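Peer 1: Handing you this structure, nothing more for now.
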């Protein structure tokens, strides 16, 4: 995506309004960055900048070839609704009538309106071939030309096609699976680094009021609060979270929180700095957006999906929470970049809290759960190893931030241990992996091996996984008992899909 000439003029005016002088040099700290002492407020100049945007919003055009892995750029002329498509049908199969190799054009069976962002996914018996976009040469919209390199056969007999609407990302991302989120490239940054454009607009999920963040090896560097959105780009004010984050065009930002975290009220942040004090280690954690949590909220610290520590918030500011590390659950020390999961008010109300044994006592153990989590004397929790309940604990005493619990029932071979998971309610199940990527075409078109021996769900957002990490969202367009064809949503990808990545089955988090 690139700004046209008029857009560049308006952007220069914008950064002139919002920019400030570059910050002085910084010193070295974990992962190259050091903390700033205080978050910067939104500069007063942002108000006229936003007025400038509203009155003179730049026309931002997608460069050819930049978009076929996600939502396509508009074709020439005025975009109109795809009236020939079924209402709400974001993906649907279509018959390919003709191939015109001399013009590198495919013609589909039904007349369509010219529709902004409409793409055609084409496959043959070997799997996906390429993306095609509408050609403005035919007013009925039935002609499509390659959006990615493609060798066209002479006959349409072996070709299959699916129309994918440009609204797919914006209309589905709120239902995306656990940990999947929107990613976008930074298009431009003001000279003082106080504002930025991201190359994602309302047509693909950006919205006023969202918060995005930039991270380096897990460490949060800055957050972008979206103040203005066009169909193809978004503008936001930047708050540094480290000294001299050095934002520049080309870096990638991610929506924070993820859609599933927002949907379930499960806020997540990350450690930006670990401070050693005489009373122990303190964590600096960027305040999760729109989070309701107790003043002394409990924080669970994870690394690569595994719990490595626990902390309790002792001070909250607008941009940072400061949390004291409690007795260690593991020999590992919390590090800059580790994920932090907040026990929110919604989780407490639903009793969806993970308590851990951090010390073994003669008749049970100490749990990192307290009054702020809604715990009370007499409560019973079950101990889980995996998904199996192996013991029952009863809280016998509350000591502010932690509880004493006694073992009441257990399997014959159960012995309480540090790190044991205790919950009021059973843990949520994890859907199984259902397919594996065997071939990648054009960056995000996928041939998949189906593990399940039954067809995979079609047109449903599924998680693309690399080990324990979610690396994108996949939609299946065709499936048999042993193979499938699909595509990864460009805006969901922190990296391109790879052979061996796995697709996780349905199961709304």
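The values are calculated or read from the model by the stated rules, or taken from the named source; none is laboratory data. Everything quoted here is computed from the prediction, not taken from an experiment. Virtual Cβ from ideal backbone geometry, glycine too; neighbours counted across all protein chains shown.
Peer 1: Taking the conditions exactly as written (touching a strand residue (DSSP E or B) at 6+ places or on another chain (Cβ under 6 Å) and modelled with pLDDT under 95), does residue 262 satisfy them or not?
Peer 2: On the way: touching a strand residue (DSSP E or B) at 6+ places or on another chain (Cβ under 6 Å): no; modelled with pLDDT under 95: yes.
Here the answer is no, as residue 262 does not meet what is asked.
Peer 1: Give 150, 180 a once-over and let me know the one that is in contact (Cβ under 8 Å) with a residue 12 or more places away in the chain, under 16 Å from residue 445 (Cα atoms) and either touching a strand residue (DSSP E or B) at 6+ places or on another chain (Cβ under 8 Å) or assigned to a strand (DSSP E or B) (or both).
Peer 2: Only one candidate qualifies: 150.
Peer 1: Tell me, please, whether a residue that is free of Cβ contacts under 8 Å to residues at least 40 places away in the same chain and in contact with a strand residue (DSSP E or B) (Cβ under 7 Å, 6 or more places away or on another chain) can be found in the range 158-168.
Peer 2: Yes, the range 158-168 has at least one match.
Peer 1: Quick one: which of 332, 315 is more than 26 Å from the chain's Cα centre (by Cα) and part of a strand (DSSP E or B)?
Peer 2: Values: 332 fails: part of a strand (DSSP E or B).
From the options 332, 315, the qualifying one is 315.
Peer 1: Can you tell me which residue in the range 377-388 is nearest to the chain's Cα centre (by Cα), limited to those that are surrounded by fewer than 17 Cβ atoms within 10 Å (Cβ to Cβ) and at pLDDT 95 or above?
Peer 2: Here the residue is 380.
Peer 1: Another question about this same structure. Do we have any residue at all in the range 318-328 that's assigned to a loop (DSSP other than H, G, I, E, B), closer than 28 Å to residue 396 by Cβ and at pLDDT 95 or above?
Peer 2: The answer is no; no qualifying residue exists.
Peer 1: Please count how many residues of the range 402-416 are surrounded by fewer than 18 Cβ atoms within 10 Å (Cβ to Cβ) and in contact with a strand residue (DSSP E or B) (Cβ under 6 Å, 6 or more places away or on another chain).
Peer 2: Final tally of qualifying residues: 7.
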